[in-house]
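Q: Here it is, the structure in full.
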Amino acid sequence: MSAACGKTTIWGRRSSFNVQKVLWLADELGLDYEHVPAGGQFGQLDTPAFLAMNPHGKVPVLRDDDVTVWESHAILRYLAARHGGPAFWPVQPAARARADAWMDWAQTALQPAFLVGVFWGYYRTPEAQRETAAVARSLDATHACLRKLDEALADRPYLSGAALGLADVPAATSLYRYYELDIPHPPLAHVRAWYDRLQARPAYRQHVMVPFGELRGRLEF
């Protein structure tokens, strides 16, 4: 489990939403890294070696030279700051704050509504255990979030502006699962156009558009 000096290593299973964010950004930045499957069927999270890197026993974890970082958004910011240049880590604090705002919003609004309320509540929960009313409320909250995104994308191709940036990564990682689920998809022209642009990016296809059938009706990880 050790990473050699001068090497970048990312731990986590590819079907993990939070791991997908990190792998996608790493490839967008052109990083040379090793990916070590961990968590779920791969285990390792309760081993002393892993807990020495992340005492919370969760993925993703990044080791970059002698630096270890856990929590997906901390990793995203670290990678952008160290490797992203001005496209992903603007010089101006105001520009960085705009990206931070969308990243935090995705984690505190969109992710609880969709990933927790809909994806977990509907897809990952066995049918007999689903709380239908709660899922319906979460779906409404998801669509309210997506309408906010649709408004923001009305005058730009990416949340970050003219090109993909850090602001896009957390929210955009949700889109593949959202559009693949058998749920209502109201017309959101700007979100759909954003998703179409993302699908043209090799790193997005490789790391975000990952089949998730193994998670259906499965609550244990």
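Q: Using a Förster radius of 22 Å, what is the FRET efficiency between Asp27 and Ala94 based on their Cβ-Cβ separation? Nearest 0.05, please. Kindly include the intermediate steps, with their values, before the conclusion.
A: Values: r = 28 Å, r/R0 = 1.27.
With R0 = 22 Å, the Cβ-Cβ based efficiency is 0.20.
Q: Here's a follow-up. From Cα pairs below 8 angstrom and at least 6 apart in sequence, can you work out the relative contact order of the chain, rounded to a whole percent? Intermediate results must be reported in sequence, preceding the final value.
A: On the way: 271 pairs, mean separation 52.0, N = 221.
Reported as a whole number, the value is 24 percent.
Q: Assuming 1.002 mPa s and 20 °C, estimate D for the range 1-146 with Stokes-Einstein, Rh taken as the Kirkwood radius over Cα pairs, in µm²/s. Working shown, then result.
A: Details: Rh = 16.8 Å.
Translational D for this selection: 127 µm²/s.
Q: What is the spin-label model distance, in nm, from Asp66 to Ala101 if the labels are put 7 Å beyond Cα along the C-beta direction?
A: 3.9
Q: Can you compute the modelled spin-label distance between Val116 and Arg156, with each label point 7 Å from Cα toward Cβ, in nm?
A: 2.7
Q: Which of the lysines could be linked to Lys58 by a straight reach, that is with a Cα gap under 17 Å, when you skip same-chain ones fewer than 8 residues away?
A: Candidates past the 8-residue exclusion: Lys21.
Q: Also, quick follow-up: In whole Å, how far is the Cα centre of the range 158-172 from that of the range 14-59?
A: 22
Q: Hey, another quick one. By how many nm would the segment from Leu181 to Ala144 lengthen if fully extended, with 0.36 nm per residue of separation less the alpha-carbon distance?
A: On the way: separation 37, 0.36 × 37 = 13.32 nm, distance 1.74 nm.
Difference between extended and current length: 11.6 nm.
Q: How big, on average over all directions, is the shadow cast by the Cα convex hull of the range 158-221, in nm²? Before the final figure, lay out the partial values.
A: Numbers: hull surface 21.0 nm².
That works out to 5.2 nm², a quarter of the Cα hull's surface.
Q: If the cut-off is 18 Å between C-alpha atoms, which aspartates and glutamates fall inside it for Lys7, apart from same-chain ones fewer than 8 positions away?
A: Correct list for Lys7: Asp27, Glu28, Asp32, Glu34, Asp64, Asp65, Asp66.
Q: With a point put 7 Å past each Cα toward its Cβ, work out how far Arg192 is from Thr108 in nm, to one decimal.
A: 3.2
Q: Shape of the range 1-67 from its Cα gyration tensor (a ≥ b ≥ c, root eigenvalues): rounded if a/c is under 1.5, otherwise prolate when a/b > b/c, or oblate?
A: Working: a/c = 2.07, a/b = 1.19, b/c = 1.74.
Oblate, because a/c is 1.5 or more while a/b does not exceed b/c.
The numbers here are math on the coordinates, done by the rules we state, and not lab data. Keep in mind it's a predicted model, so treat the numbers as computed, not measured. Cβ: placed from backbone, ideal geometry, glycine included. Neighbour counts: every protein chain shown.
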